[in-house]
Amino acid sequence: MSDDAFGFAPPPFKADEALQRAKRELRELGLSEREGRFDRRGVAIAKVALDGATLKASIVKRPSRSSPEWTDKTLRDSAAVRDFVADLKKKLATWNDSDD
């Protein structure tokens, strides 16, 4: 069944508003924004940027001061943004101070 069969559709995705919301949620996780990246104690952890009508988001595979490996995602709706932040929150909980 399509969403139209029920007479409603999800609200349109507003990438600019979603970017601001994502940045706010990343700061609430204790990350600092520097040069388009979010870091914890000087170690890059995540990136979120506007890419047309979507968001381009990345999370490091493991925290690294030298050259981190990034896992990229394209966020096309609000649910994807929520999942991205929730996934990052889980990863932050598993990474301890020795990983930095």
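Each value in this text was obtained by applying a stated rule to the coordinates, not by laboratory testing. Not measured: the values here are computed from a predicted model. Glycine also receives a Cβ, built like all others from the backbone with ideal geometry; neighbour counts cover every protein chain displayed.
Computed quantities for the displayed model
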{"item": "Segment Lys14-Arg82, length gained on full extension (0.36 nm per residue, minus Cα span)", "result": "23.1 nm"}
{"item": "In order through the stretch 66-81: 3J(HN,Hα) via Karplus (6.51 cos²θ - 1.76 cosθ + 1.60), integer Hz, x for Gly, Pro", "result": "7, 9, x, 8, 9, 10, 8, 9, 10, 9, 9, 8, 5, 5, 5, 5"}
{"item": "Size of electric dipole in the chain: Cβ of Lys, Arg +1 and of Asp, Glu -1, about Cα centre, debye, nearest 20", "result": "360"}
{"item": "Extended-chain gain in nm, criterion 0.36 nm per residue less alpha-carbon gap, Ala93 and Glu35", "result": "18.5 nm"}
{"item": "Angle between the chain longest axis and helix 15-28 axis [Cα atoms, degrees, rounded to 10]", "result": "40"}
{"item": "Relative contact order for the stretch 11-95, counting Cα pairs under 8 Å that sit 6 or more residues apart, in percent", "result": "23"}
